[in-house]
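Right, one structure below, let's go through it.
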Amino acid sequence: MCLICGNPSANHTGQLPRRHFLGLLGAGLAATAFAPILRAAAKGPPPKPQNVLTPAEAFARLVEGNRRYVAGTTRRTDFATERAALVHGQNPYAGILSCADSRVGPEFAFDASRGDLFIVRVAGNFLESDGLASLEYTTAVLGTPLLVVLGHDKCGAVHAAIEVVEDGAKLPGHLPELVHHLKPAVKAAEHKSGDLLANAIEANVALTVEKLKNSGPIISRLVEEKKVRVVGGIYRLATGQVDFLF
Ligand SMILES: [Zn+2]
């Protein structure tokens, strides 16, 4: 089965850049199920050489992109040239676990372009196994050096979780499943002073960062070896500023 598209008869492994193969050998992961894809990954150069960064460099680039976004000085992108460069592969410099809220756009917020950010989105930016697998893919196979859990102020998903936990609200459809993942953050925040929603949003990001950092066997190991850094941030709806949590 192709690990890129999931097609049992396909094989797109030649699309992967060389450095990821080498990085994974260093992480001792080549003997895992990734081995076939890693062997094929040694074939080509990264399509965006400017995205070959250390975790610290990737973080600095995100911060600088957000600064431009807030200041209204975002860069103009030549999409036509960029599309062509990315046909045969990708090497994003950051993976983002973002809330699905339509007011939060990671590519906009970090003034990034195609091939720069590998984004998983779900209302409430919590970590589930399928999202984790996606982030394992971008770090282990694509060589992404930085992961960001991106929450935002006035998050409706966290607000709904508070209503359930604090007021016993009953939600329709599958919404209780979503709230289930956010309850630990509400519980962690309910005894703090100040605004419960703001505190729960921050707790949710912090808890998710810790969960992601400790998610074995791939990401925890890459973090331990300092090949990947995991950070959390809160996007401010009014200003576009991302405040990072440390
Ligand atoms: Zn939200």
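The values are calculated or read from the model by the stated rules, or taken from the named source; none is laboratory data. Source: prediction; values computed, not measured. Glycine gets a Cβ as well: all are built from the backbone with ideal geometry, and neighbour counts include every protein chain shown.
Do we have Asn199 as touching a Phe, Trp or Tyr at 6+ places or on another chain (Cβ under 8 Å) and either within 16 Å of the ligand (Cβ to nearest atom) or outside any helix (DSSP H, G or I) (or both) here? Lay out the reasoning, then the answer.
Details: touching a Phe, Trp or Tyr at 6+ places or on another chain (Cβ under 8 Å): no; either within 16 Å of the ligand (Cβ to nearest atom) or outside any helix (DSSP H, G or I) (or both): yes.
Judged against the criteria, Asn199 is not a match.
If you check Glu163, Glu190, Glu202, Glu177 for being in contact with a helix residue (DSSP H, G or I) (Cβ under 9 Å, 6 or more places away or on another chain) and either at pLDDT below 95 or not assigned by TED's automatic domain parsing to the domain that holds Thr54 (or both), only one passes: Glu190.
Looking only at the stretch 101-121, count every residue that is within 16 Å of the ligand (Cβ to nearest atom), assigned to a loop (DSSP other than H, G, I, E, B) and either touching a residue at least 40 places away in the same chain (Cβ under 8 Å) or over 16 Å from Ile234 (Cα atoms) (or both) and tell me the total.
3
Please go through the stretch 226-246 and give me each residue that is aliphatic (A, V, I, L, M) and surrounded by fewer than 18 Cβ atoms within 10 Å (Cβ to Cβ), ordered by number. Leu237, Ala238, Leu245 - these are the residues of the stretch 226-246 that are aliphatic (A, V, I, L, M) and surrounded by fewer than 18 Cβ atoms within 10 Å (Cβ to Cβ). If you go through the stretch 160-197 and keep only what is surrounded by fewer than 17 Cβ atoms within 10 Å (Cβ to Cβ), closer than 15 Å to Gly124 by Cα and hydrophobic (A, V, I, L, M, F, W, C), you end up with just Leu175. So, Glu163, is that one under 27 Å from Arg67 (Cα atoms) and in a helix (DSSP H, G or I) or not? Against the criterion (under 27 Å from Arg67 (Cα atoms) and in a helix (DSSP H, G or I)), Glu163 does not qualify. Exactly one residue out of Leu53, Leu62 is touching a residue at least 40 places away in the same chain (Cβ under 8 Å) and assigned to a loop (DSSP other than H, G, I, E, B), and it is Leu53. Of the residues making up the stretch 122-145, those that are more than 22 Å from Ala84 (Cα to Cα) and in a helix (DSSP H, G or I) are Ser129, Asp130, Gly131, Leu132, Ala133, Ser134, Leu135, Glu136, Tyr137, Thr139, Ala140. Within the stretch 150-184, the residues that satisfy the criterion of being within 12 Å of the ligand (Cβ to nearest atom) and among the hydrophobic types (A, V, I, L, M, F, W, C) are Leu150, Cys155, Ala157, Val158, Ala160, Ala161, Leu178, Leu182.
Got a sec? Which of Val223, Val148 is in a helix (DSSP H, G or I), in the same structural domain as Leu117 (by TED's automatic domain parsing) and buried (at least 17 other Cβ atoms within 10 Å of the Cβ)? So the residue among Val223, Val148 that is in a helix (DSSP H, G or I), in the same structural domain as Leu117 (by TED's automatic domain parsing) and buried (at least 17 other Cβ atoms within 10 Å of the Cβ) is Val223. Arg83: surrounded by fewer than 20 Cβ atoms within 10 Å (Cβ to Cβ) and in a loop (DSSP other than H, G, I, E, B), yes or no? So Arg83 fails the test.
Restricting attention to the stretch 227-234, does a residue exist that is of a type in the set (A, V, I, L, M, F, W, C) and without any contact (Cβ under 8 Å) to a residue 12 or more places away in the chain?
Applying the first criterion (of a type in the set (A, V, I, L, M, F, W, C)) to the stretch 227-234 yields 228, 230-231, 234.
Next, from what is left, pick out any that are without any contact (Cβ under 8 Å) to a residue 12 or more places away in the chain: none.
No.
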